[in-house]
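Asks: The structure is given below, and queries will be raised subsequently.
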């Protein structure tokens, strides 16, 4: 996976900020993407389109709060292909995995900055920061989660693997 | 091997043997829950899986559907979402579909209906599903895809959590409730202090705490990042289960010598009612400090899955009786379920609320998540007995929310600034 970083030096970015409840009367990914992060950064949706950011980096406890799957859906539909933070709230974590959006737990997010070009290899467990000529190790996904991501999310995994069992 | 309640319940629900904290498990789900916000996507996932194979057995009694967040329908879009739930419930003969007027806020309603029991494994597409740990069930919040898969196949993936033990000792001061204990705890460990972990509440204070207060405490485990909260079932639990007519269940307790990654001792002797300042549940201060600040408040919200139970309304009525809501203040009281509402009418509480100048709403999550029924304008401040005070959650992005127990909210409604009932009675 290759992409350009958009970084927020902010911990506890909650699901109300990612997608406010006033938009939860819809489950249309494109509509949700239009309003993604608007109470936190009005320019978010515009920026990721115009500057082609596809990797979101934030501080710890990203996605805390509600169970709304609309949060990772909005980010993914807006063009985010991967999220990196020191830690994630657990329901957000599982929702992201379940919809096939890779998220990476990495302590040293100070090594990443907005506009950095990254090559991410989740299977081998590293991030290559092309802009800074730096290679960073990341934890590999436990095999169970890797299988869900490889299948393209929990729905596909359930259809391919669980039903067959 | 010595195990915690949580580990035992998960082990009892999966085929894999000898799993411990940190392992992934595919578990069988006893019951699952979705609401008007999370069910539409879950239904889509469910139908998608059933198209793959219609030989999959589906047990309609395992599913609970509660249109409660934006109901009674706040607008056309929410009406359409609720219609989807209703039609699905008809199509699949879902017995536990709770129509508006016959239900209420999910986490007040489900225990009251006897739909969750000790030892069970419960998942809900709502983060506050952790509430039912108060009954000694393993209960946790998930997203819509998880729920759709659980509806269709009866299973869910879980990472077995490590457990944190919280031991509450001492005596409770006047006006201190379960809400204050959990706010104090979140203040102590932070909003990510229990991320991915179980919060097991124990100690003499918990043993003497009412079910209503236990629900409140477990409800807010998610605000510390917890996967689930759990309280060992005891005679208070049994009396509650008996009241709601639940007779069959399996009591599960933690073994002596079970492994906890940490034990946090909390002596309650000096804990005062707590107020969480904007915009995080961990920003807590004791009421004596807050009272001195004379923070003016425009609106109070009393209700929600955290504090919308009868015991909460009784406390509020005691404080509002023969008092008036402050002239520039709006007080909105929301009973958690139709049953609670009716009991409150019978006990004369609703008359007290209305005489005081408060309004009483039909059960709804409404304002808690900025849905409707009390949205805040630019710069307004609210005190609320709900669970989250995130920036902009209840309305305009510059509006602010203070979290408290129902007694503090009621006293604040009378004075118009954040205060305690202790000062009213002086």
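Nothing in this text is a laboratory measurement; each read-out follows from the coordinates by a stated rule. Bear in mind that the values here come from a model prediction, so they are computed numbers and not experimental data. Please note: Cβ atoms are built from the backbone with ideal geometry, for glycine as well, and neighbour counts cover all protein chains shown.
Asks: Report, in degrees rounded to the nearest 10, the 0 to 90 angle that the Cα long axis of helix B:406-415 makes with the longest principal axis of chain B.
Replies: Taking the Cα atoms of chain B, the angle to B:406-415 is about 30 degrees.
Asks: I'd like the mean, over residues of B:139-151, of how many other protein chain beta carbons sit within 10 Å of each residue's own Cβ. Walk me through the intermediate numbers first.
Replies: On the way: counts 0, 4, 5, 7, 17, 9, 13, 8, 2, 5, 7, 1, 0.
That average works out to 6.
Asks: Let me ask you something else. How far, in degrees from 0 to 90, does helix B:76-91 lean away from the longest principal axis of the Cα atoms of chain B, to the nearest 10?
Replies: The helix B:76-91 is inclined about 40 degrees to chain B.
Asks: Suppose R0 equals 25 Å. What FRET efficiency, 1/(1 + (r/R0)^6) with r the Cβ-Cβ distance, do residue B:235 and residue B:174 give to the nearest 0.05? Please report the intermediate quantities before stating the final value.
Replies: Numbers: r = 25 Å, r/R0 = 1.01.
My answer for the efficiency is 0.50.
Asks: Can you work out the PRE-style zone for residue A:117? Point 7 Å along Cα to Cβ, and I want the residues of the stretch A:32-69 with backbone N under 20 Å.
Replies: So the set is A:48-57.
Asks: If you restrict to DSSP beta bridges whose two residues both lie in chain B, what percentage is antiparallel, to the nearest 5? List each step's numbers first, then the result.
Replies: Working: 12 of 53 bridges.
Antiparallel bridges: around 25 percent, rounded to the nearest 5.
Asks: Using a Gaussian network model of chain B with C-alpha springs under 10 Å, which one of B:239, B:137, B:224 is most mobile by mean-square fluctuation?
Replies: Per the Cα network of chain B with a 10 Å cutoff, B:239 tops the list.
Asks: Let me make sure I get this right: for chain A, a, b and c are the square roots of the gyration tensor eigenvalues over alpha carbons, sorted descending. Under 1.5 in a/c it's rounded, otherwise prolate if a/b > b/c, else oblate. Which is it? Can you show the working numbers first?
Replies: On the way: a/c = 1.63, a/b = 1.02, b/c = 1.60.
Oblate shape, in that a/c is at least 1.5 and b/c is the bigger or equal ratio.
Asks: What do you get for the angle between helix B:178-189 and the principal long axis of chain B? Use alpha-carbon atoms, 0 to 90 degrees, nearest ten.
Replies: Helix B:178-189 and the main axis of chain B meet at about 80 degrees.
Asks: Using Cα pairs under 8 angstrom and six or more residues apart, how large is the relative contact order of chain A, in percent? Before the final figure, lay out the partial values.
Replies: Details: 337 pairs, mean separation 37.4, N = 165.
Once divided by the residue count of chain A, the mean separation gives 23 percent.
Asks: Quote to one decimal, in nm, the extra length available between residue B:20 and residue B:87 on full extension: 0.36 nm per residue of separation minus the C-alpha distance between them. Could the numbers behind the result be given before it?
Replies: Details: separation 67, 0.36 × 67 = 24.12 nm, distance 4.13 nm.
Difference between extended and current length: 20.0 nm.
Asks: Summing -39500 (n - 2.57) over the DSSP H runs of n ≥ 4 in chain B and dividing by its residue number, what mean residue ellipticity at 222 nm do you reach, to the nearest 500 deg cm²/dmol?
Replies: On the way: 16 runs with 142 residues, N = 426.
My calculation for chain B gives -9500 deg cm²/dmol from helical runs alone.
Asks: For a test of the definition: using alpha carbon positions, the gyration tensor, and the 1.5 limit on a/c, classify chain B as rounded, prolate or oblate.
Replies: Oblate, since a/c reaches 1.5 and b/c is not below a/b.
Asks: Count the DSSP beta bridges whose two residues both fall in the stretch B:242-386, then state the antiparallel fraction as a percent rounded to the nearest 5. Present the calculation step by step, with values, prior to reporting the outcome.
Replies: Values: 3 of 12 bridges.
Rounded to the nearest five, the antiparallel share is 25 percent.
Asks: Which FRET efficiency value, to the nearest 0.05, is calculated for residue B:59 and residue B:204 with the Förster distance at 35 angstrom and r the Cβ-Cβ distance? Each step should come with its number before you reach the end.
Replies: Details: r = 41 Å, r/R0 = 1.16.
Computed FRET efficiency for residue B:59 and residue B:204 comes out at 0.30.
Asks: Can you tell me the order of B:50-62, A:8-20, B:344-356, B:138-150 when each peptide is scored by its average per-residue count of other Cβ atoms within 10 angstrom, highest first? Walk me through the numbers on the way to the answer.
Replies: Numbers: B:50-62: 11.4, A:8-20: 21.8, B:344-356: 16.9, B:138-150: 29.2.
Highest to lowest by the protection proxy: B:138-150, A:8-20, B:344-356, B:50-62.
Asks: Sort B:16-24, B:215-223, B:164-172 by the packing proxy (mean of other Cβ within 10 Å over each peptide's residues), most packed first.
Replies: On the way: B:16-24: 12.9, B:215-223: 29.7, B:164-172: 18.2.
Result, highest mean first: B:215-223, B:164-172, B:16-24.
Asks: Anyone know which of B:185, B:263, B:362 comes out most mobile in the 10 Å Cα GNM of chain B?
Replies: Fluctuation is largest for B:263.
Asks: OK, next. Which percentage, to the nearest 5, of the DSSP beta bridges contained in chain A is antiparallel? Present the calculation step by step, with values, prior to reporting the outcome.
Replies: Numbers: 11 of 23 bridges.
Just about 50 percent of them are antiparallel.
Asks: Anyone know which of B:129, B:288, B:385 comes out most mobile in the 10 Å Cα GNM of chain B?
Replies: B:288
Asks: Now for a separate question. When ranked by the protection proxy of mean other Cβ atoms within 10 Å per residue, highest first, what sequence do the peptides B:106-116, A:26-36 form?
Replies: Sorting B:106-116, A:26-36 by mean packing, highest first, produces B:106-116, A:26-36.
Asks: Additional query: Can you classify the stretch B:293-426 as rounded, prolate or oblate using the Cα gyration tensor, where a ≥ b ≥ c are the square roots of its eigenvalues, rounded means a/c under 1.5, and otherwise it's prolate if a/b beats b/c and oblate if not?
Replies: Numbers: a/c = 1.83, a/b = 1.18, b/c = 1.55.
It comes out oblate by the Cα gyration axes.
Asks: Could you list the residues of the stretch B:174-217 with an amide nitrogen less than 17 Å from a label point located 7 Å from the Cα of residue B:262 in the Cα-to-C-beta direction?
Replies: Hits in the stretch B:174-217 for residue B:262 at 17 Å: B:182-202.
Asks: Where does chain A land at 222 nm, in deg cm²/dmol rounded to the nearest 500, when only DSSP H runs of n ≥ 4 count, each adding -39500 (n - 2.57), divided by all residues? Present the calculation step by step, with values, prior to reporting the outcome.
Replies: Details: 7 runs with 49 residues, N = 165.
It lands at -7500 deg cm²/dmol.
Asks: Considering the zone a paramagnetic label at residue B:77 would reach in this model (a point 7 Å from Cα along the Cα-to-Cβ line), which residues of the stretch A:7-23 have amide N under 18 Å from it?
Replies: The answer is A:15-23, whose backbone nitrogens lie closer than 18 Å to the label point.
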